[in-house]
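First up is the structure itself, then whatever we jot down about it.
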Amino acid sequence: MPVPARATAGSACFDLSAAEAVELRHGEVTRVRTGLKMRCPRGTFLEVRPRSGLSSRGVLMVNSPGTIDSDYSDEVRVPLTYLFDGAYRIEVGDRIAQIRLIADLTVEFRPGPVGPIGSRSGGFGSTGR
């Protein structure tokens with residue numbers, strides 16, 4: 001089973017491959033095994049992202065992006081579904097997702113009003129088109 005690897009020197013993410021052959025069917029979610037157990041360093045997490053090549057063929061990653069916390073140590077599985085009628089076949093070794101290691105910055109949330117710290121209001125669409 002291939003270990004996660006970057007496809008090119010400029011790739012931002014590492015590709016994950018399928019450890020099993022499965023058939024994706026329209027309307028069903030299949031958690032595809034990768035055969036990998038990973039533990040990321042404290043203060044980081046892995047983000048699992050879909051591959052654009054699969055999405056252009058109707059294969060979508062459910063719960064995208066996915067998060068693998070630093071204290072998770074079981075096998076990584078990728079939830080996939082197929083948009084079109086019929087089925088789509090995933091073979092062992094097919095690249096099915098991407099992962100990226102991200103720093104997990106600690107923040108502290110406090111209840112109460114938010115003071116003016118050079119902030120603005122308005123929300124959705126408030127900066128214009």
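We did not get these values from a lab; they are worked out from the coordinates using the rules stated. Remember, it's a predicted structure, so these values are computed and weren't measured experimentally. Ideal geometry is used to build each Cβ from the backbone, glycine not excepted, and the neighbour counts take in all protein chains shown.
If each residue of separation counts as 0.36 nm, what is the full-extension length gain between S73 and K37 once their alpha-carbon separation is subtracted? Let's see the in-between values first.
On the way: separation 36, 0.36 × 36 = 12.96 nm, distance 0.60 nm.
Extra length available between S73 and K37 comes to 12.4 nm.
If you rank Y72, Y88 by fewest surrounding Cβ atoms within 10 Å, what's the result?
On the way: Y72 15, Y88 18.
The fewest-first ordering by Cβ neighbours comes to Y72, Y88.
Here are several values of semi-axes √(5λ) of the Cα gyration tensor in Å: (i) 23, 16, 14; (ii) 42, 17, 8; (iii) 33, 21, 14. Which one was derived from the coordinates shown?
(iii)
Between A7 and F124, what is the label-to-label distance in nm when each label sits 7 Å out along the Cα-to-Cβ direction?
It works out to 3.3 nm between the two label points.
Using modelled backbone amide H atoms (1.01 Å from N, in-plane), which distant-in-sequence or interchain residues come within less than 5 Å of L36's amide H?
HN-HN under 5 Å from L36: V76.
Using +1 at the C-beta of Lys and Arg and -1 at the C-beta of Asp and Glu, which of G27, V76, T44 has the Cα lying farthest in the positive direction of the dipole of region 14-103?
Positive-most Cα among the choices belongs to T44.
Report the antiparallel proportion of the DSSP beta bridges in region 14-103 as a percent, rounded to a multiple of 5.
Among the beta bridges of region 14-103, antiparallel pairing accounts for roughly 95 percent.
So between R57 and F14, what do we pick up on full extension, going 0.36 nm a residue minus the alpha carbon distance?
Contour length minus Cα-Cα distance gives 13.4 nm.
Points 7 angstrom from Cα along the Cβ direction at A103 and S64: gap in nanometres?
Here the modelled spin labels are 2.8 nm apart.
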